[in-house]
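Chemist: I have a structure here, written as structure tokens, and I will follow up with some questions on it.
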Amino acid sequence: MKKIFIITTLACIVIIGFIVLSQIQNNKAKADGPEVSKLRIDNTEIVKTYPIVLPVKLNFCNELVPLKDQDVRERLDRELLVNTYWQSQTLLIIKEFNKLKPLLEPVLKEYGVPEDFIYLAAAESGFRNVVSPSKAVGVWQLIEETAKIYGLEVNGEVDERYHFEKSTAAACKFLKQAYDKFGSWTMAAAAYNMGIAGLSETSLKQKSSSYYDLMLNNETSRYVFRILALKEIVLNPAKYGFIVNETDLYQPYKYKTISINSNIESLADFAASHQINYKELKILNPWLRSTTLTNNIHKTYSIKIMQPE
């Protein structure tokens, strides 16, 4: 009888210990952020999803986000939730950020545009040279008309909207123009989505010059908050459940740059003459849109040549 009592007591201790340990882990998960864990109820596996803990303070280009405003908090919460739990897309952005930052940030600095605008490129394209349904192209999602206004070459063989540095320069020119108009980098970011004229008209009608106080269309209303959310997650990935090691990040390509001011009849032959293949040439120079480069006016192009690891 005594033996049965001892066994029963030990079993109770083990069960109580398991319950306490589970409660501690649950409390830790809630405190640490949006960690996803699993619970079994009646042999059914349930995924537990936690709300986001909003940052106490947040800014864009050193312009404070008015987090005391309930509407602002809710809009930020929405974008943090969407981008935290869209794990595959956001993890790719974190990885790509490491690869493209060395190409984009020096251009932003050269034009006097705050470095936070690199997260605008993340919001626009996920740092990828994509094409939108409206035919906006590249990391900065420029339409052809806008690209040409800001000095980019766009034709069948060359499309500098795909050129990482030159497209960044074009985006900077627009953003500086918008900043000169509104006196606010936050409004300049909104204008990148809505257009300077459209945002200006809305601002005048509503008698407000603050992005956070304007009633805007759904896309622009969410736009700056998506930028803010991506900035917050990229800078604090572990806080939002992204456990990323340095070795997980995509690394910048090593390359040298050469100048060309003549025709290239075959880009494949050109690549081979520099001990690389056609694919490697196109990876570093996606703005070369054909298999040839016609250059009868002897314009000077800078072409990147991939270097061995």
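The values are calculated or read from the model by the stated rules, or taken from the named source; none is laboratory data. Here the structure is a predicted model, which means the values were calculated and not measured. Reconstructed Cβ throughout: ideal geometry from the backbone, glycine too, with neighbour counts over all protein chains shown. Please note that ligands, DNA and RNA were not included when accessible areas were found on the heavy atoms of the full protein model with its side chains. Shrake-Rupley method; radii C 1.70, N 1.55, O 1.52, S 1.80 Å.
Chemist: Run the helix sum for the chain: -39,500 (n - 2.57) per DSSP H stretch of 4+ residues, divided by residue count, reported at 222 nm to the nearest 500 deg cm²/dmol.
Modeler: On the way: 11 runs with 157 residues, N = 309.
Per the formula, -16500 deg cm²/dmol.
Chemist: Can you tell me the 0 to 90 degree angle between the C-alpha axis of helix 2-32 and the longest principal axis of the chain, rounded to 10?
Modeler: Around 30 degrees separate the two axes.
Chemist: Got the relative contact order for the range 131-274 handy, in percent, Cα pairs under 8 Å and 6 or more residues apart?
Modeler: 11
Chemist: Connecting C-alpha atoms closer than 10 Å in a GNM of the chain, tell me which of 272, 169, 190 has the biggest fluctuation.
Modeler: Highest fluctuation of the listed residues: 272.
Chemist: Can you send over the carbon and sulfur percentage of the accessible area for the chain, probe radius 1.4 Å, protein chains only?
Modeler: Within the chain, the accessible surface is 56 percent carbon and sulfur.
Chemist: Further, regarding this structure: Given q = 0.12, 0.17 Å⁻¹, what are the Debye log10 I(q)/I(0) values for the range 80-228, with equal point scatterers placed on the Cα positions and solvent ignored?
Modeler: Summing over Cα pairs of the range 80-228 leads to -0.50, -1.00.
Chemist: So which residue, out of 236, 296, 263, gets the largest mean-square fluctuation from a GNM of the chain using Cα contacts under 10 Å as springs?
Modeler: Per the Cα network of the chain with a 10 Å cutoff, 296 tops the list.
Chemist: Oh, and also: Name the residue farthest towards the positive end of the dipole of the range 184-309 from the options 211, 295, 285, assuming +1 on Cβ of Lys and Arg, -1 on Cβ of Asp and Glu, about the Cα centre.
Modeler: About the Cα centre, the residue reaching furthest to the positive side is 211.
Chemist: Still on this model: What whole-number value in Å² describes the accessible area per residue of the range 163-309 for a 1.4 Å probe?
Modeler: Values: 7550 Å² over 147 residues.
Counting only protein heavy atoms, the per-residue value for the range 163-309 is 51 Å².
Chemist: For residue 135, list the aspartates and glutamates whose Cα falls under 15 Å from its own Cα; do not include residues on the same chain fewer than 8 positions away.
Modeler: Output for residue 135: 124, 144, 145, 159, 160.
Chemist: Averaging sequence separations of C-alpha pairs under 8 Å and six or more residues apart, then dividing by the length of the chain, give the relative contact order as a whole percent.
Modeler: Reported relative contact order: 18 percent.
Chemist: May I ask for the net charge around residue 55, where only other residues with Cβ less than 10 Å from the Cβ of residue 55 are counted and Lys, Arg are +1 while Asp, Glu are -1?
Modeler: For residues surrounding residue 55, the net value is +1.
Chemist: Considering only 125, 92, 102, whose Cα is most displaced toward the positive end of the charge dipole of the range 80-126, charges sitting on Cβ of Lys, Arg (+1) and Asp, Glu (-1)?
Modeler: The residue sitting farthest along the positive end of the dipole is 92.
Chemist: A further question on this structure: Could you give me the radius of gyration and the Dmax of the chain, taking only the C-alpha atoms into account and expressing both in angstrom?
Modeler: 25.6, 102
Chemist: To continue, here is another question. Please identify every one of the chymotrypsin sites (Phe, Trp or Tyr not before Pro) in the range 240-309 that sits in a loop by DSSP and has no more than 14 other beta carbons within 10 Å of its own beta carbon. Before the final figure, lay out each step's value.
Modeler: Numbers: sites: 240, 242, 250, 253, 255, 270, 278, 287, 301; in loops: 242, 250, 253, 287.
Sites meeting the loop and neighbour criteria: 250.
Chemist: Once every Cα of the range 211-309 carries one equal point scatterer and solvent is ignored, give the base-10 log of I(q)/I(0) from the Debye formula at q = 0.10, 0.11, 0.21, 0.25 Å⁻¹, two decimals.
Modeler: -0.55, -0.62, -0.99, -1.30
Chemist: Now for a separate question. Give 173/205; 101/279; 101/205; 109/239; 95/299; 68/239 a once-over and call out the pairs whose C-alpha atoms are over 32 Å from each other.
Modeler: 101/205; 95/299
Chemist: How large is the charge dipole for the chain, taken about the Cα centre, if only the Cβ atoms of Lys, Arg (+1) and Asp, Glu (-1) carry charge, to the nearest 20 debye?
Modeler: The calculated dipole for the chain is roughly 860 debye.
Chemist: Report, in degrees rounded to the nearest 10, the 0 to 90 angle that the Cα long axis of helix 196-206 makes with the longest principal axis of the chain.
Modeler: It works out to around 50 degrees.
Chemist: Right, here's the next one. Would you mind getting the accessible area per residue of the range 40-162, heavy atoms of the protein chains only, 1.4 Å probe, in Å²?
Modeler: About 51 Å² of surface per residue is accessible.
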